[in-house]
1. Answer yes or no as to whether A:Ala66 is modelled with pLDDT of 80 or more, surrounded by 11 or more Cβ atoms within 10 Å (Cβ to Cβ) and either part of a helix (DSSP H, G or I) or polar (S, T, N, Q) (or both).
2. If you scan the stretch B:34-63, which residues turn out to be part of a helix (DSSP H, G or I) and in contact (Cβ under 8 Å) with a residue 40 or more places away in the chain?
3. Note down all Cβ pairs under 6 Å where the first residue falls in the stretch B:73-87 and is within 15 Å of B:Ser155 (Cβ to Cβ), the second is of a type in the set (A, V, I, L, M, F, W, C) and in a helix (DSSP H, G or I), and they're at least six residues apart or on different chains.
4. So how many residues does the stretch A:8-33 have that are more than 7 Å from chain B (Cβ to nearest Cβ) and surrounded by 12 or more Cβ atoms within 10 Å (Cβ to Cβ)?
5. For the subset of the stretch B:141-169 comprising residues that are touching a residue at least 60 places away in the same chain (Cβ under 8 Å) and assigned to a helix (DSSP H, G or I), which member is nearest to the other protein chains (Cβ to nearest Cβ)?
6. Among B:Gly23, B:Gly37, which is within 23 Å of B:His132 (Cβ to Cβ) and out of contact with any His (no Cβ under 6 Å at 6 or more places or on another chain)?
Amino acid sequence: MSQENEIMAQLDAADKTRPPVPPGLVARVLADATAAQLAMRPAGNVIAMAPSRPVLGWMASAALAASALFGLALGYSGPDVLTGFSGIADLVAGSSSTLSSGNDELGAMSAFLAEG
Amino acid sequence: MQPAKDLAAIVDDDALLAAFSAGAPDAARALTDRHLGRIYALALRMLGNQAEAEDVAQDTMLRLWKVAPEWQAGRAQLSTWLYRVASNLATDRLRSVQRHRPADDSALDSLIDPSPGADDVLITAERDTALHYALNRLPDRQKLAITLRHFDEMSQPDMAEIMDTTIEAVEGLLGRGRRALAAMLRPGLTTKNGAAGAALKARVK
């Protein structure tokens, strides 16, 4: 057997046991991986952390829309339209009796609003 | 996101890397379990220093995490790519170390199990010690070629890809490496009564 063959045999017979990976190294490698993942998609992570429920429920949204429409209608037709509603008319009449002059105050307020 | 046990069952490295890029936290663990051991072993054999081998292994994996989003499946084998990065980093470090200080032989002892036993175990241990010391004296490329071929049992085409060279060049490096080892480990150095490592160290100094 030549010297080179002997060396090859020796190399083949050498201890090839893989040294154990230090646990600290594994921890550092995984920490790097986490940091790299966060750097890859920061916006995605923020969204993932946000609550999935909607800010308003459907009932709240419907109530909000209805009151907006009602306010719009009231604005176009004037406050007198409120007297068309029986319950509200009584309420307005009751409130007016406690004031010195409801009509005057309403007129004063309209004039004030008209002045801007 | 896939659970850990599913990811561990994925054989394809490319799929694991894609899962990592998609944000699966367990993909990193699966890739680390699969590759870190081999990378660390290669770095340790190349450098003979645990701290430096850990740095090279960590740096290699860090490059993997960074390249993951741009990784093109099927273009290269992940294990080959990792070996190439690790061997380049280890070679750079070796050159830097050789420029600044002489090689630290004592670090190589960590690769050899010193536990006492029967005579044949002792002879084998001495022979391995001598082999590692001799290996450490080889030029970087020859050392890498011998390590990949005989310790990681790689094929010559894989070695050529890792070393970014041709198969013929790999054969040349292996041949020169083996001849250099044979010259250093001449008969008589690894005798039953002699301390092979010490004898070789005395010879090569």
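The values are calculated or read from the model by the stated rules, or taken from the named source; none is laboratory data. All of these numbers come straight from a predicted model, not from anything done at the bench. All Cβ positions, even for glycine, are placed from backbone atoms using ideal geometry, and neighbour counts span all protein chains on display.
1. Details: modelled with pLDDT of 80 or more: yes; surrounded by 11 or more Cβ atoms within 10 Å (Cβ to Cβ): no; either part of a helix (DSSP H, G or I) or polar (S, T, N, Q) (or both): yes.
So A:Ala66 fails the test.
2. B:His35, B:Arg38, B:Ile39, B:Ala41, B:Leu42, B:Ala43, B:Leu44, B:Arg45, B:Met46, B:Leu47, B:Gln50, B:Glu52, listed by residue number.
3. B:Thr80/B:Ile162; B:Tyr83/B:Ile162; B:Arg84/B:Ile162
4. Applying the first criterion (more than 7 Å from chain B (Cβ to nearest Cβ)) to the stretch A:8-33 yields A:9, A:13, A:17, A:20, A:23-24, A:27, A:31.
Then keep just the ones that are surrounded by 12 or more Cβ atoms within 10 Å (Cβ to Cβ); that gives A:13, A:31.
Total satisfying the criteria: 2.
5. Per the stated criteria, the residue is B:Phe151.
6. Details: B:Gly23 fails: within 23 Å of B:His132 (Cβ to Cβ).
Every option except B:Gly37 fails the conditions.
Residues checked against (1) within 30 Å of B:Leu64 (Cα to Cα); (2) of a type in the set (Lys, Arg); (3) modelled with pLDDT under 80; (4) in contact with a Gly (Cβ under 7 Å, 6 or more places away or on another chain):
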| position | (1), (2), (3), (4) |
| --- | --- |
| A:Met8 | no, no, yes, no |
| A:Asp15 | yes, no, yes, no |
| A:Trp58 | no, no, no, no |
| A:Ser61 | no, no, no, no |
| A:Leu99 | no, no, yes, no |
| A:Ser110 | no, no, yes, no |
